[in-house]
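This report refers to the structure that appears directly beneath it.
The values are calculated or read from the model by the stated rules, or taken from the named source; none is laboratory data. Because the structure is a prediction, the values reported are computed rather than measured. With ideal geometry, Cβ positions are generated from the backbone for all residues, glycine too; neighbour counts draw on all protein chains shown.
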Number of protein chains: 2
Amino acid sequence: MAAPRSTALEGSLKTMIEVFHFYATKQGDPHSLNKGEFHALVSTELANVLADQSDRDKVNTLLSSLDADKNGEVDFEEYMSMLSSLAIKCNQLLTGAPAHRQ
Amino acid sequence: MAAPRSTALEGSLKTMIEVFHFYATKQGDPHSLNKGEFHALVSTELANVLADQSDRDKVNTLLSSLDADKNGEVDFEEYMSMLSSLAIKCNQLLTGAPAHRQ
């Protein structure tokens with residue numbers, strides 16, 4: 001019996017996991033991104049979303065703000081919190097959605 | 001000049017936004033999912049990830065736990081926190097990644 005086809009949303013989750021691991025396994029801890037791996041991932045895989053230079057500076061601030069546990073590495077949960085913030089910003093830009101109602 | 005091609009990771013963010021809006025705009029507030037829209041999204045778009053019945057019960061618990069501001073609706077940020085938790089669980093299952101180091 002063939003495995004059920006995954007949906008577009010499930011495919012998106014899989015892509016997020018695969019992209020993280022493609023970069024995280026290049027050096028050192030295979031379950032986290034060091035500074036170089038993080039820069040490579042963001043500048044390649046988010047090239048359009050973070051297109052201009054001021055965004056590149058943001059990447060550095062992003063890295064330090066993301067590194068919640070201050071170990072100089074970005075683990076999968078910190079990576080997902082970055083992607084969530086990006087999706088929330090894009091959603092507000094694309095659909096005019098209100099910021100989260102506190 | 002043609003628009004730059006988006007990367008797979010950018011495409012995943014776009015899919016997450018589009019799927020949310022496909023369901024959120026069916027009834028009522030176009031920027032949030034009511035209970036029916038949330039159930040439809042989860043049972044259709046996450047059919048494989050949440051495959052068995054016990055997972056369906058989880059959807060109800062998920063809905064109440066997600067609805068952080070208790071307005072009976074799931075907004076985009078609450079939806080993204082669900083997808084992040086799912087991605088983190090899948091990542092642990094698929095790659096043996098350790099749970100977040102506190």
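Annotation: of all residues in region A:39-74 being over 15 Å from A:Leu86 (Cα atoms), modelled with pLDDT of 75 or more and crowded, with 18+ Cβ neighbours inside 10 Å, the one that is nearest to the chain's Cα centre (by Cα) is A:Val74. Cβ separations smaller than 6 Å between residues 6+ apart or across chains give the following pairs from region A:77-100 residues that are in a helix (DSSP H, G or I) to residues that are charged (D, E, K, R): A:Ile88/B:Glu77. Note on region B:1-12: among residues that are more than 7 Å from every other protein chain (Cβ to nearest Cβ) and modelled with pLDDT under 95, the one that is surrounded by the most Cβ atoms within 10 Å (Cβ to Cβ) is B:Arg5.
Can you name every residue in region B:26-41 that is part of a loop (DSSP other than H, G, I, E, B) and either on the phi > 0 side of the Ramachandran plot or not charged (D, E, K, R) (or both)?
Answer for region B:26-41, where residues must be part of a loop (DSSP other than H, G, I, E, B) and either on the phi > 0 side of the Ramachandran plot or not charged (D, E, K, R) (or both): B:Gln27, B:Gly28, B:Pro30, B:His31, B:Asn34.
Taking (1) modelled with pLDDT of 95 or more; (2) on the phi > 0 side of the Ramachandran plot in turn, A:Thr15 satisfies each apart from (2).
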